[in-house]
Every structure is written in structure tokens, then in C-alpha cells.
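Below is one structure, written out as C-alpha cells, with a few remarks after it.
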Amino acid sequence: MQTNELIFATHNANKAKEVKALLPHLEVKSLSEIGFHDDIPETGKTLQDNALIKARTIHKATGKPCFADDTGLEVEALYGAPGVYSARYAGEGANSENNMDKLLAELDAITNRNAQFRTVIAYIDNTGKEHLFEGSVQGEILKARQGGEGFGYDPIFLPEGETESFAEMSAGRKNTMSHRGRAMRKLVEFLKG
Ligand code: IMP
């Protein structure tokens, strides 16, 4: 193994692409790139629990330094929902389109559309020590989808102070302000130090 190799415990190719752009000096490998194809059940009740579950599973399987992230979209008028359940908001096996449809329907008659994306990253170093990093971005839920880039809830999330949804931005621009970008930069600073 190369000393600058770092495993990102994700099956999501979009996320892996975003993160590789932030860590150009490291050999970041996603789960498919190391041949790990099992699903890791996200049974935690918090983002932190789930990030740790994923990182521990991969660290146990490979013995290598690795990190995992868990993200939730927290909507103020819904008391923080869908939060840790964002991926299955419209039910088990729901896709992003189903999840966005459900959220738009829930907020149909609601004027407070404030929301934030929050990411927790769990990193396990080569001694097995665990480290946590968090990043968030404030914004609002749009009335309808805008843009075709990105993934997940990107088409209906307008970051605060911006005129474009996350799905109208390039991956690079989204990274400069996103929840995951912010959490990742904390990890990057830590790795540099
Ligand atoms: P996960 O924890 O990264 O698997 O994400 C949980 C849910 O949030 C999934 O439905 C993702 O599609 C969604 N999600 C995660 N990150 C983002 C993002 O950067 N933009 C939009 N949706 C996201």
C-alpha cells in the first residue's frame, strides 16, 4: 500500500468525485475501487453514529486508514427532518426523485423553508484512533427543482446568499461552500498537520 493511500468508505461515485477534487495530493480510493461491494447498514440514530459505523466496518475489513461521511438535510419547519433519515425519507428503497417529491409536498403550504445540510466525517488513522469532523451549510428549500448537476437533494437546495441551487453549480463551486466541502477541509487540515 502506498503511504498516501486513503480509503473513502462510500459507494457513491458522485461523492467520491467531489472528495478526490479536494484531496489531490492523496490517493483516495472509493469502496468499488478496493473491491468492497457489500452494503453497510446505516443503523445509527445520528449522523455521527452512521459515519463511525461505516468507517469502523472498512477499517476492520482492510486495516487501512479510512474515513466515512454521513449527511442529513435538516429542515427547520420539520423540526430537523429528514435528518439522519434523508436517504430513505420517502421509504425504504426510495430514490432521490421520490425523496424530493415527498419533501416538496410536505413543505407545500409552509413559508419557512430554512434548511441546512450537515455532514459528519469519521476518520480512523493508521493507529486505529478515531477523529470526527463536521461541516454545514445554511439555505432554503426551493418550490421546484432547478438544475441537473450534483445528486440527492441538490436541485431543491438554494444555499444562503446564492442565486443558483447546488444542482446548477459545478462540483468545484459546490465544494467551496458545501457541508461536505467544509467538513472535508477540516479533515484535510488535520491530515496536513
Ligand atoms: P449520505 O449520508 O451521504 O448517504 O446521504 C444521505 C442523503 O442525503 C441521501 O439521500 C443523499 O442523496 C443526500 N445527500 C448527501 N449529500 C448530499 C449533497 O451534497 N447534496 C444533496 N443531497 C445529498
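Since every read-out is calculated from the coordinates, none of them should be taken as a lab result. This one's a predicted model, so the numbers in the text were calculated from it and none came from an experiment. Positions of Cβ are generated from backbone atoms using ideal geometry, with glycine treated the same way; all protein chains shown enter the neighbour counts.
Of (1) near the ligand (Cβ under 10 Å from one of its atoms); (2) of a type outside the set (A, V, I, L, M); (3) over 20 Å from residue 68 (Cβ atoms), residue 175 satisfies all except one. Which?
That leaves (3) as the condition not met.
Based on what the data block shows, is residue 165 without any contact (Cβ under 8 Å) to a residue 24 or more places away in the chain, surrounded by fewer than 18 Cβ atoms within 10 Å (Cβ to Cβ) and in contact with an Asp or Glu (Cβ under 8 Å, 6 or more places away or on another chain)?
Taking the combined requirement at face value, the residue does not satisfy it.
Listed residues 133, 157; which is among the aromatic types (Phe, Trp, Tyr), in contact with a helix residue (DSSP H, G or I) (Cβ under 8 Å, 6 or more places away or on another chain) and over 16 Å from residue 103 (Cα atoms)?
On inspection, the qualifying residue turns out to be 133.
So in the range 68-116, with the set limited to residues that are more than 12 Å from the ligand (Cβ to nearest atom) and of a type in the set (S, T, N, Q), which one is farthest from residue 179 (Cα to Cα)?
Within the range 68-116, the match that is farthest from residue 179 (Cα to Cα) is 111.
Might you check whether a residue that is touching a helix residue (DSSP H, G or I) at 6+ places or on another chain (Cβ under 7 Å) and under 19 Å from residue 42 (Cα atoms) occurs anywhere in the range 140-149?
Scanning the range 140-149 turns up no residue that is touching a helix residue (DSSP H, G or I) at 6+ places or on another chain (Cβ under 7 Å) and under 19 Å from residue 42 (Cα atoms).
For the range 33-60, name all the residues that are among the aliphatic types (A, V, I, L, M) and part of a helix (DSSP H, G or I).
Listed by number, the residues that qualify are 34, 47, 51, 52, 53, 55, 58.
Just to be sure I understand, how many residues within the range 1-32 are in a strand (DSSP E or B) and surrounded by 18 or more Cβ atoms within 10 Å (Cβ to Cβ)?
The number of residues fulfilling the criteria is 6.
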